[in-house]
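Quick notes on the structure that follows.
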Amino acid sequence: MSSSLRRGSLAAAVIAFSIASLAACGAGSDAQTSEIKPDNAATSVGVIKVQNALVITQPDVKATGPAVVSATLYNNGTTDQTVDSIKVEGEGTAEIKAADGKDKLTVPAGGSVILGGKGNASAVLSSPSQTVLNGSVQKLTFAFSETGDVSLGAFVVPAESYFSDWGPSDIPSAPATSSAPATSPSESATGSPSASASAEGQAGTNASSSATATASASAGQ
């Protein structure tokens with residue numbers, strides 16, 4: 001199967017259960033008790049539930065740039081919990097930012113937090129290696145302040161189609177190229193050295209002829 005067909009089928013499969021997961025987010029903190037059971041990466045440990053976990057890469061497979069972790073985090077407990085770290089196996093720790101730009105990300109008691117997308121919290125891998133391949137599965141470990149580590153496997157998908165709004169905000173642009181033609185030294189010159197020399201030579205010849213005519217006239221007198 002070609003890479004484009006594989007990526008297309010993977011995106012189509014993940015889109016279906018991602019929409020269901022986002023619909024659950026809009027239903028509030030009781031959404032996890034509904035009958036929506038997405039097929040994508042989801043797990044629960046104690047009062048914490050991680051759902052709809054993905055690693056989203058650059059839209060261009062040849063581009064080098066950051067990747068992001070996208071997920072919905074639920075806290076069914078009675079006290080707030082902070083997300084102390086998010087690790088991608090083999091890639092290190094993602095840089096976490098809350099929606100308000102602060103470094104501390106809090107999942108409120110009885111509430112949820114969305115990672116990824118405009119206006120939401122973010123978790124960024126600044127320099128993912130080539131092992132983060134579209135279509136593969138990466139192990140994610142979320143460290144919560146009270147519950148501790150919550151691990152699961154997450155699909156890796158490019159920021160295309162539905163995922164374009166959830167992928168990295170930092171997308172490298174193609175370098176600008178100049179189309180101005182090069183100018184050769186001969187084209188930039190205002191005159192030709194050979195032409196100048198010819199002109200000077202002609203002037204010398206004319207002057208010599210004039211001098212000879214004057215001398216002849218004087219001798220005849």
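Taking the simple approach of a point 7 Å from Cα along Cα-to-Cβ for both Ser127 and Ser161, what is their distance in nm?
Once both label points are built, they end up 3.3 nm from each other.
Can you give me the relative contact order of segment 70-124 as a percent, contacts being Cα pairs under 8 Å and 6 or more apart?
45
For a 19 Å ceiling on Cα separation, which of these pairs sit above it: Lys87/Lys139; Lys102/Lys139; Lys97/Lys118?
Flagged as over cut-off: Lys102/Lys139.
Just so you know, all these numbers are worked out from the coordinates, no wet-lab data involved. What you see is a predicted model; the values in this text were computed from it and never measured. Counting neighbours? That spans all protein chains shown, and the Cβs are built from the backbone with ideal geometry, glycine included.
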